[in-house]
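Below is one structure; the comments refer to it alone.
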Amino acid sequence: FAFPLIGATAAPEAKATRWSDRATWPDKKVPVAGAKVTIPEGKSVILDVSPPPLGSITVMGKLAFDDSKDLELTTEWIMIHGELEIGTEAKPHTRKATITLTNNVKDEEMMGMGDRGIMLSGGTLNLHGGITNTWTKLAKTADAGSSSIEVLNASGWRVGDEIVLASTDYNPRQAERRTITAISGNAITLDRKLDYMHFGKITFDVDERGEVGLLTRNIKIQASEDAAQTYFGGHIMAMVTSHMYVEGVELNRMGQNLELARYPIHWHLAGDATGQYIRNAAIHDTYNRC
C-alpha cells in the first residue's frame, strides 16, 4: 500500500459498467434508437450488446467492446475526446466487431471534422484485430475457369472470408475478388469460377507467383450501403494531440468523394505522431484517397 504525496491528487480508474445495465445511464434507461449518447469523463462503459441505430456517440470517458460475442454498433458519427477501444496491442480482439456509420441526418458538422465519421479531438482510438495472416502467394498457376486455388499459406482463413487475387497480366483489371466456400489446408474453393488465369510459378529464379490478399478482418469500420450510390462514405480523422493505434482492421465504403480531409483514415496536420500506426489493414471500395 502506497500513500500519495501530500497535495497530490490521482484520478481513480473508473470501474467499467455494462452498456446493457440500466444503472450505467443517468436516466436509468438503456439508449434507444436514435439516441445521442454521451459517455462522460471519468466513466468507462463496456459495449456488451448490439444497440439499435443511434444518432451519435460522444466519448469523453472510455467505450470498450466486449470480446465474448460478436457485436455491431450503428451510429451517425462518433466523437472521441476520451478513448474507444476494440482490443489492445497486447490482447487483440478475437470476435467480430462492426461499426457502421449512417447518414440519415444530412450535413452535420462536428468541430470542423464534418459528418459520418469517427473523429478524434484529443482522444485515443485503439483498434486491434486478431487476424495476422493476410497476404500470401499462389502455390501454382490458377487457370481461367477454375473454381479452386492453392496458396502457400492459408492459416487462419475461414469459409465466408473474402479474398482478392492480384492480376498477373499487364492489365491490372484482371484482379478478381472471390469468397471462400471451403478450405482444406492451403486449398481454397471459391464461390465462383475465375475469369482470368493467375500465374503461379517461379521462372528463371524470378518469383512471379500471383499475390492473394485477405480482405476480411474481424474488426470492420464501414459506411452503410447507401454510400455506394452517393460516394459519401465514412471517415476516421485524428486531430492534433489525438492518438491512433490501428491494426487488423477492415475499412469498407470509406472516404468522401472530392472532399479534402475526408479520407478513409488520416492524421490531420497532426505534427509528430511517433509511435502511432495503421498496419495490417484491408482498405477497399473507398471514395477518396487514403
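The values are calculated or read from the model by the stated rules, or taken from the named source; none is laboratory data. Just so it is clear, the model here is predicted, and its values are computed rather than measured. Every residue, glycine among them, receives a Cβ derived from its backbone with ideal geometry; neighbour counts consider all protein chains shown. Protein only, heavy atoms only, side chains kept; ligands, DNA and RNA dropped before computing areas. Shrake-Rupley method; radii C 1.70, N 1.55, O 1.52, S 1.80 Å.
Condition test on K137, is it assigned to a loop (DSSP other than H, G, I, E, B), basic (K, R) and out of contact with any Phe, Trp or Tyr (no Cβ under 7 Å at 6 or more places or on another chain)? Considered against the rule, which asks whether it is assigned to a loop (DSSP other than H, G, I, E, B), basic (K, R) and out of contact with any Phe, Trp or Tyr (no Cβ under 7 Å at 6 or more places or on another chain), K137 comes out as no. Scanning the stretch 57-86 for residues being of a type outside the set (A, V, I, L, M, F, W, C) and under 17 Å from I118 (Cα atoms) gives a total of 11.
State the number of residues belonging to the stretch 81-112 that are at negative phi and more than 16 Å from the chain's Cα centre (by Cα). Residues that pass the stated criteria total 11.
When restricted to residues that are polar (S, T, N, Q) and assigned to a strand (DSSP E or B), the stretch 52-90 contains 4. Taking into account only those residues within the stretch 19-51 that are assigned to a loop (DSSP other than H, G, I, E, B) and small (G, A, S), which is least open to solvent (accessible area, probe 1.4 Å)? Step by step, filter the stretch 19-51, then rank; the result is A35. Filtering the stretch 181-237 to residues that are aliphatic (A, V, I, L, M), over 29 Å from N103 (Cβ atoms) and open to solvent by less than 50 Å² (accessible area, probe 1.4 Å) leaves A182, A187, I188, L190, L194, V212. With respect to E176, determine if the residue is closer than 30 Å to I86 by Cα and open to solvent by less than 50 Å² (accessible area, probe 1.4 Å). Considered against the rule, which asks whether it is closer than 30 Å to I86 by Cα and open to solvent by less than 50 Å² (accessible area, probe 1.4 Å), E176 comes out as no.
Considering every residue within the stretch 149-160, establish whether at least one is in a loop (DSSP other than H, G, I, E, B), touching an Asp or Glu at 6+ places or on another chain (Cβ under 9 Å) and open to solvent by less than 50 Å² (accessible area, probe 1.4 Å). No: the stretch 149-160 contains no residue that is in a loop (DSSP other than H, G, I, E, B), touching an Asp or Glu at 6+ places or on another chain (Cβ under 9 Å) and open to solvent by less than 50 Å² (accessible area, probe 1.4 Å). Suppose we filter the stretch 238-262 for residues that are over 13 Å from the mean Cα position of the chain (by Cα) and surrounded by fewer than 22 Cβ atoms within 10 Å (Cβ to Cβ); how many remain? Number of matching residues: 10.
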